[in-house]
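Below: one structure, written as structure tokens.
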Amino acid sequence: MMDSMIVHSAAGALVEITDVRKSYFSNRVETPVLHGINVTMQRGDFVAVMGQSGSGKSTLMNILGCLDTPTSGAYRLAGVDVGAQSRAELATLRNRTIGFVFQSFNLLKRMSVLDNVALPLIYAGVSRSASRSRAQTQLDKVGLGELASRQPNQLSGGQQQRVAIARALVVDPPLILADEPTGNLDTRTSNDIMALLNELNRERGQSIILVTHEPDIAAHAKRLVRLKDGLVLYDGPAAEGLRQLRTDDNTASASEVSQ
Amino acid sequence: MKLIHVLSEALRAMLANPLRTMLTMLGIIIGIASVVLMLAVGDGIKLFIDKQLSVLGSNLVIVQADSRKAVGARLRTGTVQTITLDDAEAINRLPSVKGAAPMLTTYSQISYGNDNTNTQVQGTTPISFAIRNLRLAKGIGLSEVDIASASRVAVLGKKVAEQLFYKNDPIGQTIRIDNQSFQVIGVLDNEGQSFDSGDIGEVVMVPISTARVTLIRTATPRTVQYVVVQSKTTEGLNDMVADIYDLMRDRHRIRAEEPDDFRVVNFGEFAKTGEAIATGLSIALGFVGAVSLVVGGIGIMNIMLVSVTERTREIGIRMAIGARPSDVLWQFLIEAVAICLVSGIIGVALSAGVASAVSSTGKFEMAIGAKAVGIAVVFSCIVGIFFGFYPARRASKLQPVECLRYE
Ligand SMILES: Nc1ncnc2c1ncn2[C@@H]1O[C@H](COP(=O)(O)OP(=O)(O)O)[C@@H](O)[C@H]1O
Ligand SMILES: [Mg+2]
């Protein structure tokens, strides 16, 4: 708790990527995906990332999440030079600094909901009983306190995603990364999840980066980053960005009609 | 990460697929059971031999007539009477000999009141008590006076005394041996098998002189069946046997080219044979154990590799939320060791079952000692670490982003 409070109050940008490029290599053939991305994000911001399928959103999120390394470019996360970290240090950095929310929930089977939520604390070296009681508190906050002893597969999709959010929040990390968190959920459940994230951002100043296809979802964010073919197409206020997006789409469909 | 947490994770993983875990454990179970049984057999045989020797007394040989070899004109068949009281006395005077006890034995009916039993009666001398480690639970042993006067006294084996007298005191009571009266003067304390008379508890001992007069007809008044001889030292045993050969051949006037008309049976040799058998059996079981452990270990490695592949996504999730490579390594290593340890415990239980089944036959005592359990635990851990390390290391080297993409 102390660690992350210090991180929260530290000066400077939370996320700062400079000219990040990423290529995948298979059989020595290079496939460039990100062509030099620059993004800076302050604490308390809520950023939606949009872009067509294959534009590099997940690739960027993996780099931001310290799960993958860029081919070139610099990344500073909460003041730490990510490129200079060892594998073990990266694990600790992820553990303290980032909470992940995945499209497919990614809860561990054969483990109770409570133990799933407690696991990041276990890896942080917190005792078993303290981890469990903090996990229970977090589950209560997302409204699932009563389901703590269930197995994840006994829960609905929306409930599982709430558990995943509780797990992401349990170490109180400065940054939440959510790659299409509502991609597997129906509209109503999606709205519930977005309401929860929105509340976290507004009431606790929780920094969030969220990838989505849907403008309705992106509309919850303060800021929009649009990617196109591995480059930043737009970076600014969400409302303005979404307006541009609609115009672009209309132009695109108009040109389709005219063809 | 705390050890209890890693252990509970290991247990969870083992229980997730109980049949597969069980089958994987089989090789280790058999391996550990073999190793433990190997040690138990070795210990059991040693115990058996030690017990024999303590009943026998140690450093003993038997000198007896060997009619098979006494061919030719010198002796007519059927009148073999090569060992005499005088031979026994001469042997007893050898400097290398601690004591030599002449023996006459027969099976007789022993009765007291309405109870009777058939058992071995040994006619012997007081020397017998000393060299064969015989201890008295009650009363006194045979004395030289008893021998000289051919007194009708008897010392009972423990079981004979129980059969005839139950819990009553046999000392001073008169029993009948082949319908002759004998007074009980002592009861032996010893238990176990002896080399020449079966169960030492089922023996009745009387003065050799009395036995000859009342129970056993001998070819001549001085014939004995065999002589039990003890050497002064363990190292001097072989020299003593050589001395006995020289003495006996001289006394029996056997010419250089003629064969012996007696033989010397060395019970130390029996013990050595027993030890050799024990060693052989131990090596065989040890081999089975080693092969099973290696095969079982390979099975563990195989299943751990499968498990790492199956749980790739799980590894990715764990790494994403903060598991360090070392955390992942420990998780899989501890899981392999836990499988081996549980197998080891089952193996020990299995071998304990076999040991108690063998022991319950009463012929051979097998005990699983703390040493065997300790060795089983150490061996299981070694197998687990050795064969679990590679899969665990492989898991720890996985890249989180690739694991999370894995379906
Ligand atoms: N591991 C990989 N190896 C090779 N190519 C990849 C790999 N991951 C993604 N790609 C490619 O990179 C591009 C961007 O993928 P991704 O970042 O997943 O896009 P998005 O999330 O925006 O749909 C796609 O063309 C995809 O095929
Ligand atoms: Mg994607």
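The values are calculated or read from the model by the stated rules, or taken from the named source; none is laboratory data. All of these numbers come straight from a predicted model, not from anything done at the bench. Every residue, glycine as well, gets a Cβ built from its backbone with ideal geometry; the counts of neighbours run over all protein chains shown. Surface areas here come from the heavy atoms of the whole protein model, side chains and all, with no ligands, DNA or RNA. Shrake-Rupley method; radii C 1.70, N 1.55, O 1.52, S 1.80 Å.
Observations on the structure shown:
- In the B-A interface, the accessible area buried, summed over both sides, Å² (probe 1.4 Å): 2500
- A:LEU77 long-range amide H proximity, modeled H, under 5 Å: A:VAL82
- Over chain B - Rg/Rh using Cα atoms and the Kirkwood inverse-distance radius: 1.25
- Estimated FRET transfer efficiency when R0 is 22 angstrom, pair B:VAL265-B:GLU365 (beta carbons, to 0.05): 0.30
- Within the same chain, lysines fewer than 8 places from A:LYS228 are excluded, and of the rest, those with a Cα less than 27 Å from its Cα are A:LYS22, A:LYS57.
- Global form of region B:144-240, assessed from the alpha-carbon gyration tensor, a/c cut-off 1.5: oblate
- Projected area, mean over directions - the protein assembly as shown, Cα convex hull, nm²: 48.7
- The listed residues B:THR223, B:THR218, once ranked by accessible area (1.4 Å probe) with the largest placed first, stand as B:THR218, B:THR223.
- Here the Karplus relation 6.51 cos²θ - 1.76 cosθ + 1.60, evaluated at θ = phi - 60°, turns the backbone of region A:29-44 into coupling constants of 9, 8, 10, x, 10, 10, 10, x, 9, 10, 9, 10, 9, 8, 4, x Hz, with x for every Gly and Pro.
- By the helix-only formula, in which each DSSP H run with n ≥ 4 contributes -39500 (n - 2.57) and the sum is divided by residues, the protein assembly as shown has a 222 nm mean residue ellipticity of -16500 deg cm²/dmol.
- Of all DSSP beta bridges in region B:100-225, antiparallel share, percent nearest 5: 70
- DSSP-loop GluC sites (Glu not before Pro) across region B:134-224, with at most 16 other Cβ within 10 angstrom: B:GLU191
- Proximal aspartates and glutamates to B:LYS272, defined as alpha-carbon separation beneath 13 angstrom and excluding residues fewer than eight positions away on the same chain: B:ASP50
- Percent antiparallel among DSSP beta bridges (both partners in the protein assembly as shown, rounded to 5): 70
- Radius 14 Å from Cβ of B:PRO207, net charge of other residues (Lys, Arg +1; Asp, Glu -1): 0
- Choice from A:LYS141, A:LYS222, A:LYS57 showing the highest fluctuation, given a GNM over chain A with Cα pairs closer than 10 Å: A:LYS141
- Start at zero, step by 5 Å, and the Cα-Cα distances of chain A spread as 1, 6, 13, 17, 18, 17, 13, 9, 5, 2, 1, 0, 0, 0 percent across the bins.
- Those aspartates and glutamates that a straight Cα-Cα span of less than 17 Å connects to A:LYS141, excepting residues fewer than 8 apart in one chain: A:ASP115, A:ASP172, A:ASP192, A:GLU199, A:GLU203
- Within the listed set B:ALA349, B:ALA88, B:ALA148, the residue fluctuating most in the Gaussian network model of chain B (springs between alpha-carbon atoms under 10 angstrom) is B:ALA148.
- The eigenvalues of the Cα gyration tensor, multiplied by 5 and square-rooted, give region A:109-172 an equivalent ellipsoid with semi-axes of 18, 12, 10 Å from largest to smallest.
- The residue among A:THR18, B:LEU398, B:ASN238 whose Cα reaches farthest toward the positive pole of the charge dipole of the protein assembly as shown, with charges on the beta-carbon of Lys, Arg, Asp and Glu, is B:ASN238.
- Candidates B:LEU19, B:LEU333, B:LEU305, ranked by Gaussian network fluctuation over chain B, Cα under 10 Å, top entry: B:LEU19
- With all pairs of different C-alpha atoms in the average, the Kirkwood value for the hydrodynamic radius of region A:1-132 is 16.7 Å.
- For chain A, the relative contact order is 25 percent, taking Cα pairs closer than 8 Å that sit 6 or more residues apart in sequence and dividing their mean separation by the residue count.
- DSSP-defined beta bridges in chain A - what % are antiparallel, rounded to 5: 55
- Acute angle (nearest 10 degrees) that the helix B:3-16 long axis makes with the longest principal axis of chain B, alpha-carbon atoms: 90
- Looking at region B:253-318, the trypsin sites (Lys or Arg not before Pro) that sit in a DSSP loop and have at most 14 other Cβ atoms within 10 Å of their own Cβ are B:ARG253, B:ARG255.
- Under-5 Å amide H pairs with A:ASP68, H placed in peptide plane, nonlocal only: A:ILE63
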